[in-house]
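For reference, the structure discussed in these notes is given below.
The values are calculated or read from the model by the stated rules, or taken from the named source; none is laboratory data. Since the model is a prediction, treat every value here as computed from it, not as a measurement. Cβ placement follows ideal geometry from the backbone for every residue including glycine, while neighbour counts extend to all protein chains displayed.
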Amino acid sequence: MDKIKKLIAKKNKSKIVSLTAYSKNIASILDNYCDIVLVGDSLGSVLYNYKSTRQVTLDMMIEHSKSVRMGVKKALMVVDMPHNTYRNPKEALKNAKKIISKTKCDAVKLEGGKKIYNSIQTLVKNKIPVMGHLGVLPQSDKTFKFKGKKKSEREKILKDAKILESAGVFSIVLECVETSLAKYVTKQINIPTIGIGASNNCDGQILVFDDLIGLNPINARFVKKYANIHKQIKKAVSNYSKDVREAQFPSKKYSY
Ligand code: KIV
């Protein structure tokens, strides 16, 4: 069974584990624990301090993905198509083909619903596996407030999820979606939903790796920090600095 079929088969059977990675060393660790490793365009804010992911370019995504590819052997590797690279089917196909050929990733992810139906359908028809993304859409939303409080939002997200499924996506990320809506959408479609701030009613979960380890200074409600790497790095660098200043490093052991 190929990786995509295996992933879809997990729906209603076992939870899907996903994380983001932007480089090889981290990706090779995640590969042992994750079903999906996503090269997310969140790298724009996490690594480059951009105000939004809209500034991320295709070349940036390709270079980081080439690095991640070296670390991912088992998991499904998905790459975000950045803003303004899939405005119509022709543009989407050209850029998705470029991403796949340069990075050898397994699939691409696009943000949005009905508006990008034709682009998604074109990619799928050309045998390019596509992951959808609904709820908060960082490439186009002005605020990152969770979705699903208003009836109109609930109806739109459910409708879009069904549209994406009919366009042929193999899975949908639900970002910051109210609990009962995430549960309902997950029940209404036959492909897995992957939640980020969308409750444990989704078929799987994703987090930004740098958030999970406490390296990225984010304080969003949906982020559970599983480590405080920031503190550990500070301690290591402070010890190194002290050793160098006191001429304790490099000692004989570290010299030729
Ligand atoms: O860009 C990203 O990292 C993402 C995840 C948060 C789902 O799209």
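Structural remarks
- Options Ile157, Ile194, Ile233; residue that is outside any helix (DSSP H, G or I) and either in contact with a strand residue (DSSP E or B) (Cβ under 8 Å, 6 or more places away or on another chain) or at pLDDT 95 or above (or both): Ile194
- Some residue of the stretch 195-210 being within 11 Å of the ligand (Cβ to nearest atom), of a type in the set (Asp, Glu) and either touching a Leu at 6+ places or on another chain (Cβ under 6 Å) or within 28 Å of Asn126 (Cβ to Cβ) (or both): no
For every residue, the table says whether it meets (1) modelled with pLDDT of 95 or more; (2) within 13 Å of the ligand (Cβ to nearest atom); (3) aromatic (Phe, Trp, Tyr); (4) part of a loop (DSSP other than H, G, I, E, B).
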| site | (1), (2), (3), (4) |
| --- | --- |
| Leu19 | yes, yes, no, no |
| Tyr22 | yes, yes, yes, yes |
| Asn25 | yes, no, no, no |
| Asn32 | yes, no, no, yes |
| Ser67 | yes, no, no, no |
| Met70 | yes, no, no, no |
| Lys74 | yes, no, no, yes |
| Leu93 | yes, no, no, no |
| Ala96 | yes, no, no, no |
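- Here the condition is being buried (at least 24 other Cβ atoms within 10 Å of the Cβ), touching a residue at least 40 places away in the same chain (Cβ under 8 Å) and either in the same structural domain as Val173 (by TED's automatic domain parsing) or over 13 Å from the mean Cα position of the chain (by Cα) (or both); of Val46, Val68, it holds for Val68 alone.
- Test result for Ser140, part of a helix (DSSP H, G or I) and at pLDDT 95 or above: no
- Any hit, the stretch 152-162, residues being under 18 Å from the mean Cα position of the chain (by Cα) and assigned by TED's automatic domain parsing to the domain that holds Ala220: yes
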